[in-house]
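Worksheet: one structure, shown below.
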Amino acid sequence: MPRGAAVIPYNGKRGTVWRIKFTDSSGRQVMETIGAERHGVTRRQAEAELRERLVRVERRGYRKPRALTFADYSTTWLPESAERRGWKPSTVLVFRNALGYLDEFFGPMRLDAIRPRDVTAYIRHAMTEPIAKTGKPLSAKSINLHVNVLHDLLKTAVAEELIQSNPASGIERPRVPRRRWRILEPREVPRVAQAFSDARARRVFLTLALTGLRRSEIVGLRWRHVNLVEGTLRVEQSKSEEGERLLALPPTLVETLMEQFQASAYRGDEDYVFCHPERGSKLEAHWYHEQFQAALGKAEVEGHVRTFHDMRHTALTNLAATGASPIAVMATAGHRSMQTTKQYLHLAGVVFREDASALERRLLGEVEGVESSTHLSESEAISAD
């Protein structure tokens, strides 16, 4: 072992804390705390950490990271990560908002001094201390988002060898209460559609109800994305690659979009489908929200229905309830994984008895007079395509 390298036990009031000492490639002496015995750290683990540091010094020219505060690092991390990873402006806005809370708590702390107990302290603080904006503590969902951003930031710091490990890994997080969605029932959809006083708002509503588009997708919908002859709608910009999809339009929606095309003064390929009638700008989400809530009230729909997200749930859950295959629901939704799609199948209460019987016939042959077939049904053929 090189001269000056050693494992040093520090015996304090709360027991033994293991530290290591070594010299980095610049000749600077480094003293690093590995952990306390009360947390399960042993001399053998400290010796293993020391050997790992010495290997890094010899093979990779390791130098002790310069002292950085959390606020210093977060200031450069966000714009660099956004450019490197191609984040959308909306994503940058969410991360910047989360960093505002994190900077307030971790800002003055040295980046390499943050410990898991500090992350736990932040969670406890966020759960109990009211914030100025609402006068209430943060929700479990918001806190988990903040911890996700913190973990992402610290993960980058580990990759840049500014810190040895990620203190946000393995932290116990607050449990997010399971929400029961308030979606519109089939009998409510026609009532709400008839309750709109504005024709454009009614057409937005029908498009959401019959396609399950996300808010950003319908706001950014342009005429070049819609083919009224073939009856298709292409989503080119979504939150993921899986969200870029081609949807078939039912006849009612083709007629609805044709009405919008004829009523709009903006019909170019690059014009927005549901644009402002005078300015041609994107659909005003706040305006539609007011129109939608007014229609719900006029239609006497009880409960709180979120303007965009719950309408997406309405469309996809009712699609699942028709007996559409899980793959068809997943493709329509533009989901990245089947795990996300499953919640719509569960909410719809769909039991795929015909699929189970078809599998039985395919694998076991005739059962009680039912003939076995290797031919795909029409719906199966469509799914296979």
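The values are calculated or read from the model by the stated rules, or taken from the named source; none is laboratory data. A quick note: this is a predicted structure, and the numbers were derived from the prediction, not measured. Cβ coordinates were reconstructed from backbone atoms using ideal geometry, including for glycine residues, and neighbour counts include every protein chain displayed.
Restricting attention to the stretch 24-58, report how many residues are in contact with a Gly (Cβ under 7 Å, 6 or more places away or on another chain) and either among the charged types (D, E, K, R) or crowded, with 17+ Cβ neighbours inside 10 Å (or both). Residues flagged as in contact with a Gly (Cβ under 7 Å, 6 or more places away or on another chain) and either among the charged types (D, E, K, R) or crowded, with 17+ Cβ neighbours inside 10 Å (or both) within the stretch 24-58 amount to 3. Just one of the listed residues (ALA98, ALA121) is part of a helix (DSSP H, G or I) and free of Cβ contacts under 8 Å to residues at least 40 places away in the same chain, namely ALA121.
The set of residues from the stretch 308-348 being assigned to a helix (DSSP H, G or I), among the polar types (S, T, N, Q) and free of Cβ contacts under 8 Å to residues at least 12 places away in the same chain comprises GLN339, THR340, GLN343. Listed by first and then second residue, the pairs linking a residue in the stretch 48-76 that is closer than 30 Å to GLU104 by Cα to a residue that is modelled with pLDDT of 90 or more and among the acidic types (Asp, Glu), with Cβ atoms under 8 Å apart and 6 or more places separating them unless they lie on different chains, are PHE70/ASP103; ALA71/ASP103; SER74/ASP103.
Taking the conditions (1) at pLDDT 90 or above; (2) crowded, with 19+ Cβ neighbours inside 10 Å; (3) of a type in the set (A, V, I, L, M, F, W, C) in turn, ILE183 satisfies each one other than (1). Picking from residues in the stretch 1-47 that are of a type in the set (Gly, Ala, Ser), under 22 Å from ILE114 (Cα atoms) and not in a strand (DSSP E or B), the one that is modelled with the lowest pLDDT is GLY40. Suppose we keep only residues that are in a loop (DSSP other than H, G, I, E, B) and among the aliphatic types (A, V, I, L, M) within the stretch 276-307. Which one would you say is farthest from TRP181 (Cα to Cα)? So, considering only residues that are in a loop (DSSP other than H, G, I, E, B) and among the aliphatic types (A, V, I, L, M), the one farthest from TRP181 (Cα to Cα) is LEU283. Being surrounded by 15 or more Cβ atoms within 10 Å (Cβ to Cβ) and of a type outside the set (S, T, N, Q) is a description that does not apply to LEU93.
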